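Engineer: Would you mind keeping the following structure in view while I ask a few things?
The values are calculated or read from the model by the stated rules, or taken from the named source; none is laboratory data. Just so it is clear, the structure is predicted and the values come from calculations on it, not from any experiment. Heads up, the Cβs are rebuilt from the backbone with ideal geometry, glycines too, and the neighbour counts pull from every protein chain shown.
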Amino acid sequence: MASSQLKWLDNSQPQTLQGAVLLSYINAFFGLLGLITGAGVLALFLLIEGGAALAIANERRWGYYTAVVASVLYLCLEVLFLAFSVLSLSFSIWVLLNLAFAVVLVALLLHRQSREYQRVWFH
């Protein structure tokens, strides 16, 4: 991708993909904060989502697939974290909020409009 043509957000994409890109950027920001504070694997998945979001905004098919895989793996880890926090009686509303954002991101990426758009227009 040439830097003169680099887009952070493509307004011609469907709202589902635009929302997924924005949410991935927000997740990447929190992943960066998590790496600084030592969060580990969860933060790594969030940073991968951020890179994939940039590729999605520039209509790269590999970015879409990377975002789907990273967000699904992140969702699985959040479900495991929720189960662990409930079993250890250390449940907080933040765990549920993280899980909700992970579900929304996966839903936006796997929405029919997102899948069709990337199938037709991505390189």
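Engineer: Are there any pairs with C-beta distances below 6 angstrom linking a residue in the stretch 85-102 that is of a type in the set (Ser, Thr, Tyr) to a residue that is surrounded by 13 or more Cβ atoms within 10 Å (Cβ to Cβ), with the two at least 6 apart or on different chains, and if so which?
Structural biologist: If the second residue must be surrounded by 13 or more Cβ atoms within 10 Å (Cβ to Cβ), the pairs left are Ser85/Phe91; Ser85/Val95.
Engineer: Continuing with this model, one more query. Could you tell me whether Ala67 is touching an Asp or Glu at 6+ places or on another chain (Cβ under 9 Å), modelled with pLDDT of 90 or more and outside any loop (DSSP other than H, G, I, E, B)? Reasoning before the result, please.
Structural biologist: Numbers: touching an Asp or Glu at 6+ places or on another chain (Cβ under 9 Å): yes; modelled with pLDDT of 90 or more: yes; outside any loop (DSSP other than H, G, I, E, B): yes.
Judged against the criteria, Ala67 is a match.
Engineer: Would you please name the residue that is farthest from Phe122 (Cα to Cα), looking only at residues in the stretch 25-48 that are loosely packed, with under 15 Cβ neighbours inside 10 Å and of a type in the set (Val, Ile, Thr)?
Structural biologist: Applying the filter and picking the extreme gives Thr37.
Engineer: Shifting gears a bit: Can you tell me which residue is surrounded by the most Cβ atoms within 10 Å (Cβ to Cβ) among those in the stretch 98-123 that are in contact with a Ser or Thr (Cβ under 6 Å, 6 or more places away or on another chain) and either outside any helix (DSSP H, G or I) or among the polar types (S, T, N, Q) (or both)?
Structural biologist: Ranking the qualifying residues of the stretch 98-123, first place goes to Ser114.
Engineer: Here's something else I'd like to know. Among the residues that make up the stretch 1-18, is at least one of them surrounded by 21 or more Cβ atoms within 10 Å (Cβ to Cβ) and closer than 17 Å to Asn98 by Cα?
Structural biologist: Start the filter on the stretch 1-18 by keeping residues that are surrounded by 21 or more Cβ atoms within 10 Å (Cβ to Cβ), which leaves 13, 17.
If we keep only those that are closer than 17 Å to Asn98 by Cα too, we end up with none.
No, that holds for no residue.
Engineer: Return the residues of the stretch 20-51 that are closer than 14 Å to Leu77 by Cβ and touching a residue at least 24 places away in the same chain (Cβ under 8 Å); say none if nothing qualifies.
Structural biologist: The answer is Asn27, Val41, Leu42, Phe45, Leu46, Glu49.
Engineer: Among the residues of the stretch 1-54, count how many are farther than 25 Å from Gln113 by Cα and part of a helix (DSSP H, G or I). It would help to see each step written out before you state the result.
Structural biologist: Narrowing the stretch 1-54 to residues farther than 25 Å from Gln113 by Cα: 2-4, 29-44.
From what is left, the residues that are part of a helix (DSSP H, G or I) are 3-4, 29-37, 41-44.
Residues that pass the stated criteria total 15.
Engineer: Of the residues that sit in the stretch 49-97 and are of a type in the set (Ser, Thr, Tyr) and within 15 Å of the chain's Cα centre (by Cα), which one is surrounded by the fewest Cβ atoms within 10 Å (Cβ to Cβ)? Working first, answer last.
Structural biologist: Of all residues in the stretch 49-97, those of a type in the set (Ser, Thr, Tyr) come to 64-66, 71, 74, 85, 88, 90, 92.
Filter again for within 15 Å of the chain's Cα centre (by Cα), leaving 64-66, 71, 74.
Working: Tyr64: 23, Tyr65: 16, Thr66: 18, Ser71: 29, Tyr74: 24.
Selected residue: Tyr65.
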